[in-house]
Amino acid sequence: MPSLTIWVYDSTLGAAAGEVRFKELVRRGAVLVTDAVTVTWVKGTHRPHVGHLRRRSAQLDGSLLGGLVDLLADDGPEGDRRVADLARRLAGTGIDQGMLDQARCALAPGTSALLVLARDVDLAVVRPIVERGRTRRDVVMVHADLTAETVDLLRDAVQGSSR
């Protein structure tokens, strides 16, 4: 079953540490990744920097999660409308308005995040390793188990809302 997990750290370096631990889980075969990105949002900048876990470049053409970050980082009224539209399009898929709002509120200047779209994730194994050394208030985890069709619906919805 696919899932979407978002870890938002209260510092710009938190996701880098989480990424190192997460890559080890991937290497050991503990999780099957469909798409994964890190987000670093330095205070004083208007937009976060998004990097892909599989290729460390700013080129994210076709990255589903890169498009999702663009939506979540848009904090104006247009962003509110786009996120509400995304939630409507994804009704019944496992991703709802509450999840999107929680991720959107947590992702702000001075934070970093690790977003993972994966299959066969055992959160009991993955969560303690990705969050190791962090206190509960240092990291916010948002997770949704998705239906089989959700990934395609999410891709269509993210591409449609970026137009």
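Just so it is clear, none of the values below were taken in a lab; they were calculated from the coordinates. This is a predicted model, so every value here is computed, not measured. Cβ sites come from the backbone with ideal geometry, for glycine too, and all protein chains shown count toward neighbours.
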Toy charge model, Lys and Arg Cβ at +1, Asp and Glu Cβ at -1: the chain dipole around Cα centroid in debye, rounded to 20, equals 560 debye
With R₀ set to 41 angstrom, the calculated FRET efficiency between the beta-carbons of Asp85 and Val42, to the nearest 0.05, is 0.90
Per the helix-only model, the chain has a calculated mean residue ellipticity at 222 nm (DSSP H runs of ≥4, -39500 (n - 2.57) each, divided over all residues, rounded to the nearest 500) of -12500 deg cm²/dmol
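Percent relative contact order of segment 2-161, based on C-alpha pairs within less than 8 angstrom and at least six residues apart?
Numbers: 271 pairs, mean separation 70.8, N = 160.
Across segment 2-161, relative contact order equals 44 percent.
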